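One structure is given here, and the rest of the page talks about it.
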Amino acid sequence: GPWSVLTDRSYLRLEQRKNGIGPAGNTRATVDADQVIVELSGGYAYTERFSTYAGVRLWNVDVDLQVVGGGPLGETLARSGDENWVDPLVGVRYVLPLGESWSVVSKADVGGFGIGSDLAWQASVFADWHFAEHASLLVGFRLIDVDYEDGSGTGRFRYDVTQAGPALGLAWQF
């Protein structure tokens, strides 16, 4: 029928290293972040090509920060944090058939609304190759942006990140 249940899981490891001059001379800073996103949504197809969906996106971000030579006496400063939050989301999906085995799938959604993050959104476009009756391979581009903040003072966690790049996926249809 016209109803669907969708799930999307992704993992991303981010790393940034910088060298510079601090109060005690040479300073080296390293930030490592592991990000896991799990999305669960339900959709309704108005036509074979166009559908809408609503659901939740769970975020888990684990960040490690280390500044070597960054303290007043050149000592190492280190902080770690793990943050989880859930964003509601609403979106649209459009499929353009390109023949019997190929299609272009575009998807966009917005979420957060101050419930989890202040605002989170994503847009993607994929070439979809149906290599089996219930399975397909997707190759495309994904852009996802999130602006999340929690706490204050030294316990403040802020994650204002835009990620864009190639993406690869495997889809099963039941």
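The values are calculated or read from the model by the stated rules, or taken from the named source; none is laboratory data. Since we're looking at a predicted model, the values are computed, not measured. Positions of Cβ are backbone-derived with ideal geometry, glycine not excepted, and every protein chain shown enters the neighbour counts. With ligands, DNA and RNA removed, areas are computed over all heavy atoms of the protein, side chains included. Shrake-Rupley method; radii C 1.70, N 1.55, O 1.52, S 1.80 Å.
Checked against the criteria, S106 does not count as open to solvent by 80 Å² or more (accessible area, probe 1.4 Å) and either over 13 Å from Y148 (Cβ atoms) or in contact (Cβ under 8 Å) with a residue 12 or more places away in the chain (or both). Of the listed requirements (1) assigned to a loop (DSSP other than H, G, I, E, B); (2) exposed (fewer than 14 other Cβ atoms within 10 Å of the Cβ), V5 misses just one: (1).
Taking the criterion of being modelled with pLDDT of 95 or more, open to solvent by less than 30 Å² (accessible area, probe 1.4 Å) and either over 20 Å from F141 (Cα atoms) or touching a Cys at 6+ places or on another chain (Cβ under 9 Å) (or both), would at least one residue in segment 62-77 satisfy it? No, every residue in segment 62-77 fails to be modelled with pLDDT of 95 or more, open to solvent by less than 30 Å² (accessible area, probe 1.4 Å) and either over 20 Å from F141 (Cα atoms) or touching a Cys at 6+ places or on another chain (Cβ under 9 Å) (or both).
Within the group G91, G112, which residue is touching a strand residue (DSSP E or B) at 6+ places or on another chain (Cβ under 6 Å), open to solvent by less than 70 Å² (accessible area, probe 1.4 Å) and at positive phi? Talk me through it step by step, then tell me what you get.
Numbers: G91 fails: at positive phi.
Step by step, each of G91, G112 is checked, and only G112 is touching a strand residue (DSSP E or B) at 6+ places or on another chain (Cβ under 6 Å), open to solvent by less than 70 Å² (accessible area, probe 1.4 Å) and at positive phi.
Contact annotation: residue pairs with Cβ atoms under 7 Å, 6 or more positions apart or on different chains, pairing a residue in segment 152-174 that is of a type in the set (K, R) with a partner that is open to solvent by 30 Å² or more (accessible area, probe 1.4 Å) and assigned to a strand (DSSP E or B), are R158/E149.
The set of residues in segment 12-35 being more than 20 Å from R79 (Cβ to Cβ) and either modelled with pLDDT of 90 or more or surrounded by 14 or more Cβ atoms within 10 Å (Cβ to Cβ) (or both) consists of L12 alone.
Among residues of segment 36-56 being of a type outside the set (S, T, Y) and part of a loop (DSSP other than H, G, I, E, B), the one that is most open to solvent (accessible area, probe 1.4 Å) is E48.
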